[in-house]
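> Quick one: the structure is below, and I'll ask about it shortly.
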Amino acid sequence: MTQSQHATPPPATATRLQAFGTTVFAEISRRALAAQAVNLGQGFPDFEGPDFVKDAAERALRDHPNQYAPLAGLPVLTKAIADRWREDAKATIDPANEVTVTAGCTEAIAATILGLVNPGEKVVVFEPFYDSYVACIAMAGAEMIAVALRPDAEGRFGFDADELARAMATPGVRAVLVNTPHNPTGKVFSAPELQSIAELCKKHDVIAITDEVYDRLVYRDTHNPDAKHIRMATLPDMAQRTVTLNSLGKTFSLTGWKIGWAIAPPHLSAGVRAAHQFLTFAVATPLQRAAAAALGVDDSYYAQLAETFRAQRDLLAEALEGLGFRFARPAGGYFILADHTQVSQRLGLADDLAMCNHLIEKVGVATIPPSVFYVRKELGRPLLRFAFCKTEQTLRAAVERLGGLKTGQ
Ligand code: GLN
């Protein structure tokens, strides 16, 4: 064999994606399966979505055409999204020009960034962030400016107003990406926080991209008495500069359906569609029809959903508190982001990666190491993300295994 046949071939992956490797969610789910660990890593429910939505899908598959939907979405669904928006945002939008249906929110993020951000422009992102934001910014040839969400003494995450103001004033900033309720911190951005972001958007002529997939999962209770989901697009003069992203997955426990959407004024929707048409063109026709049926649900469904998830949060939270993890109970979303240092020091483990490995391999519980969600990795090292979007049985199994940590296992 010649020398060149022995040499490692150069990586085939394009340079702009080489830094990202395999997404942590796929990687942890794979390891959880291999180690037979209880999976509190990737954020997906381990229970099924409601029957009435699945029945609607079955009927759609059987009784309606299964060919391409229009690229912007099936009219019955874009109308249902606009109808919901009228109730939620108290605003009337034109479904034909202001709603785009995508393959989950992940494609909506990609289409929005690729369709609206030029190479060399900058996007302000709060860290910790959902990992796809960064990859999409890189795919667009744009740059990210990270603004930190840091925990206070009680474990409530907030940002420094000056750090945000400086980031937004950087020449070339095109967009700010806001995820509320927030993955992974469980933070629900307050009205004053969103107003301050909105003011900076207007001052520097920046668009807001808001990822609101957990909008129905807000837990207003004694832990978070003021928690309330506020839509950026409803703030004064923001509808014209906001792209609101959402999906069916979290609200209806149907993450595998990959039905998402972007709501934006016509000039911004045009950019989203310019990219969407070449990413997926259109998404699964029968599932779009069923999604329209889902969105017609009575509001009591949403109340029940939040109540169920809140009980799951509390079950896990009480156990983690008892073990020495420190955090504020999340106001929204699927996750508890906990400081593990008390526990990890006892075990002689250095950081989130060591803790995550120990929990998968030795304890049999999979979690996500949050340093992957930070540019400033050190901010994530004391933390660990636990998903509570799981059945009571799964959570109890995890809690039982975690109980071993008390005795220094
Ligand atoms: N949003 C989910 C999470 O944060 C995962 C989504 C995915 O795996 N792509 O866990």
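> What distance in nm separates the simple spin-label points at MET139 and ASP221, each placed 7 Å from Cα in the Cβ direction?
Each label point lies 7 Å from its Cα, and together they span 3.7 nm.
> A further question on this structure: Amide H of LEU383 versus every other amide H placed in the peptide plane: which residues, excluding those fewer than 5 positions away on the same chain, fall under 5 Å?
HIS340, ASP352
> Right, something else. Which cross-chain or sequence-distant (5 or more) residues have an amide H under 5 Å from the amide H of ILE145, H modelled 1.01 Å from N in plane?
Result for ILE145 returns VAL123, VAL124, VAL125.
> How big is the antiparallel share of DSSP beta bridges in the chain, given as a percent to the nearest 5? Spell out each step's value before the answer.
Numbers: 20 of 41 bridges.
Once the DSSP bridges in the chain are tallied, antiparallel ones form about 50 percent.
> While we're here: Checking a compactness column here: for the range 97-187, what do you get for Rg(Cα) / (2.2 N^0.38 Å), N being the number of residues?
Values: Rg = 13.9 Å, N = 91, 2.2 N^0.38 = 12.2 Å.
That works out to 1.14 for the range 97-187.
> Right, next: Please report the spacing between the Cα centers of the range 351-409 and the range 270-337 in Å, no decimals.
Centre-to-centre distance over Cα atoms comes out at 21 Å.
> A further question follows. Can you tell me the order of 180-186, 238-244 when each peptide is scored by its average per-residue count of other Cβ atoms within 10 angstrom, highest first?
Numbers: 180-186: 27.3, 238-244: 21.9.
Ranked by mean Cβ neighbours within 10 Å, highest first: 180-186, 238-244.
> To continue, here is another question. Could you run the Karplus curve 6.51 cos²θ - 1.76 cosθ + 1.60 with θ = phi - 60° over the range 386-391 and give me ³J(HN,Hα) per residue in whole Hz, x for Gly and Pro?
10, 8, 10, 7, 10, 5
> OK, next. Quick one: P(r) of the range 1-81 from all Cα-Cα pairs, 5 Å bins, percents rounded to integers, in order of increasing distance.
Result, from short to long distances: 3, 9, 9, 11, 9, 11, 16, 14, 7, 4, 3, 3, 1 percent.
> Could you pull out which residues in the range 92-119 have an amide N less than 12 Å from a spot 7 Å beyond the Cα of THR23, following the Cα-Cβ vector?
Only 103-110 fall inside the zone, counting backbone N under 12 Å.
> Also, I was wondering about something else. What is the Cα centroid distance between the range 128-175 and the range 222-242, reported in whole angstrom?
One Cα centre to the other: 18 Å.
> Here's something else I'd like to know. Let me see the pair-distance distribution of the chain: every alpha carbon pair, 20 Å bin width, integer percents in order.
Spelled out bin by bin, the chain gives 27, 57, 15, 0 percent.
> Taking every DSSP beta bridge with both residues inside the range 205-301, roughly what % is antiparallel (nearest 5)?
On the way: 4 of 8 bridges.
Of those bridges, close to 50 percent are antiparallel.
> At 4 °C and a viscosity of 1.567 mPa s, what translational diffusion coefficient does Stokes-Einstein give for the range 258-409, taking Rh as the Kirkwood radius over Cα pairs? Give it in µm²/s as a whole number. Mind dumping the intermediate values first?
Details: Rh = 18.3 Å.
Roughly 71 µm²/s, to the nearest whole number.
> Still on this structure: Of the candidates GLN36, GLN288, GLN67, which one comes out as most mobile in a Gaussian network treatment of the chain with C-alpha springs shorter than 10 Å?
Highest fluctuation of the listed residues: GLN67.
> Filter the GluC sites (Glu not before Pro) in the range 47-88 down to the DSSP loop ones having no more than 14 other Cβ atoms within 10 Å, then list what survives. Intermediate values should be presented prior to the final figure.
Values: sites: GLU48, GLU58, GLU87; in loops: GLU48.
Answer by residue number: GLU48.
> Pull out the extension gain between ALA91 and GLN345, defined as 0.36 nm times the separation in residues minus the alpha carbon to alpha carbon distance; nm, one decimal. Intermediate results must be reported in sequence, preceding the final value.
Values: separation 254, 0.36 × 254 = 91.44 nm, distance 5.15 nm.
Working it through step by step, the gained length comes to 86.3 nm.
> Within 10 Å of each residue's Cβ, count the other Cβ atoms and sort GLU378, GLU321 from fewest upward. All intermediate terms of the calculation are to be shown ahead of the outcome.
Working: GLU378 9, GLU321 14.
The order, fewest Cβ neighbours first, is GLU378, GLU321.
> Which order, highest average first, do 13-21, 148-156 follow once you tally other Cβ atoms within 10 Å for each residue and take the mean per peptide?
148-156, 13-21
> With springs connecting C-alpha atoms under 10 Å apart, model the chain as a Gaussian network and identify which of ALA328, ALA270, ALA60 has the largest mean-square fluctuation.
Judging by the Gaussian network model, the answer is ALA60.
> May I ask which of LYS54/LYS90; LYS362/LYS406; LYS228/LYS250 have a Cα-Cα span longer than 19 Å here? Numbers along the way, then the final one.
Numbers: LYS54/LYS90 29 Å; LYS362/LYS406 14 Å; LYS228/LYS250 17 Å.
Pairs exceeding 19 Å: LYS54/LYS90.
> Additional query: Hey, fewest Cβ within 10 Å first, where do TYR302, TYR130 land in order? Write down the numbers at each step before the final one.
On the way: TYR302 15, TYR130 22.
Least to most surrounded, the residues fall as TYR302, TYR130.
> Separate question: Quick check on the chain: helices-only [θ] at 222 nm, where DSSP H runs of length 4 and up contribute -39,500 (n - 2.57) each and the sum goes over total residues. Nearest 500, please. The partial results should precede the final answer.
Numbers: 16 runs with 171 residues, N = 409.
Taken over the chain, the calculation gives -12500 deg cm²/dmol.
> Got the relative contact order for the chain handy, in percent, Cα pairs under 8 Å and 6 or more residues apart?
Once divided by the residue count of the chain, the mean separation gives 24 percent.
> Give the value in nm², to one decimal: projected area of the alpha carbon convex hull of the range 361-409, averaged over all directions.
Details: hull surface 16.3 nm².
Over all viewing directions, the range 361-409 projects a mean Cα-hull area of 4.1 nm².
> Multiply the residue gap between ARG30 and THR170 by 0.36 nm, knock off their C-alpha separation, and tell me the result in nm, one decimal place. Kindly include the intermediate steps, with their values, before the conclusion.
Values: separation 140, 0.36 × 140 = 50.40 nm, distance 4.00 nm.
In short, 46.4 nm is gained.
> Could you please rank GLU318, GLU107, placing first whichever residue has the fewest other Cβ atoms within 10 Å of its Cβ?
Numbers: GLU318 12, GLU107 26.
Neighbour counts put them in this order, fewest first: GLU318, GLU107.
Readers should treat all values here as calculations from the given coordinates under stated rules, not as data from a laboratory. Predicted, not measured: the structure shown is a model, and the values here were computed from it. When we count neighbours, we look across all protein chains shown, and the Cβ atoms used for this are built from the backbone with ideal geometry, even at glycine.
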